[in-house]
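Below you'll find the structure I mean.
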Amino acid sequence: MAASSGRMRDVVEIDPDLCDGCGQCASACAEGAIAIIDGKATLVSDVYCDGLGACLGHCPRGAISIVRRPAAEFSADAANARLAALGHGNHHPPQHQCPQHQCPGTMHRQLVRLAEAPKSGEVPTSQLGHWPLQLALVNPAAPWLAGADILLTSQCAAAAAPDLHQRWLRGRAVLLACPKLDDIDAHTEKLAEIISVAQPRSLTVLRMEVPCCGGLVAAAHRAVELVGSDLEVTAVVVNIDGTYQE
């Protein structure tokens with residue numbers, strides 16, 4: 001709960017009726033002043049808010065405004081201490097933005113999907129529950145990651161698995177990465193941050209049978225070690241013909 005005493009200054013105000021909990025403002029706030037609490041963006045404390053409003057342009061619902069009211073002084077030291085506690089460096093910059101504006105394709109979105117599998121004869125529906133998917137673009141504080149069952153899959157495994165949506169995506173948060181073409185060290189660090197912040201319930205890695213794809217499993221194990229978590233990593237191997245290795 002934000003403080004309500006102090007000198008008159010500019011601070012962020014969030015309208016809970018307009019907020020849909022997408023988490024874009026939390027990602028954009030370099031001071032860590034905003035968190036998703038009970039599904040809504042919340043100003044954690046006035047002392048973390050510098051009042052500059054960097055988060056305003058990242059709210060698709062127009063739920064954020066700058067108001068002038070009595071508020072505790074902004075403290076850079078307190079903000080940096082909070083960022084350190086969250087696992088970020090000092091003045092963690094807004095992530096995944098194009099120069100001068102946010103890329104529309106990287107806007108975080110949570111989708112509503114039916115939990116039931118399709119009945120016989122029905123056309124299967126997409127089980128994708130959020131956006132974005134690429135590990136490099138995902139905000140560790142995204143609400144759909146918190147306590148989730150996470151599927152980390154290579155692009156090739158996602159293409160080869162014949163029952164991807166019903167068997168693997170349904171009820172899971174999905175992260176896409178390539179251990180051969182991507183920066184695997186950066187992926188390992190991002191995974192460690194996700195595990196630390198989101199505290200997922202499970203982590204399943206879907207990989208191809210080819211040797212290079214094993215790097216994705218290794219990255220997952222390394223991320224768990226970096227955090228010191230007891231999270232179990234389950235690896236599933238997809239063959240090139242679309243079958244699974246037992």
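Quick one: check the C-alpha center-to-center distance for region 35-74 versus region 5-21, whole angstrom.
5 Å
Which value, in Å² rounded to 10, gives the accessible area of Thr42 with a 1.4 Å probe and all protein chains present?
For Thr42, the solvent-accessible surface is approximately 40 Å².
Find the centroid of the Cα atoms in region 205-246 and in region 125-142, then give the distance between the two in whole Å.
19 Å
The values are calculated or read from the model by the stated rules, or taken from the named source; none is laboratory data. It should be emphasised that the depicted structure is a prediction, and the values quoted were computed from it without experimental measurement. Protein only, heavy atoms only, side chains kept; ligands, DNA and RNA dropped before computing areas. Shrake-Rupley method; radii C 1.70, N 1.55, O 1.52, S 1.80 Å.
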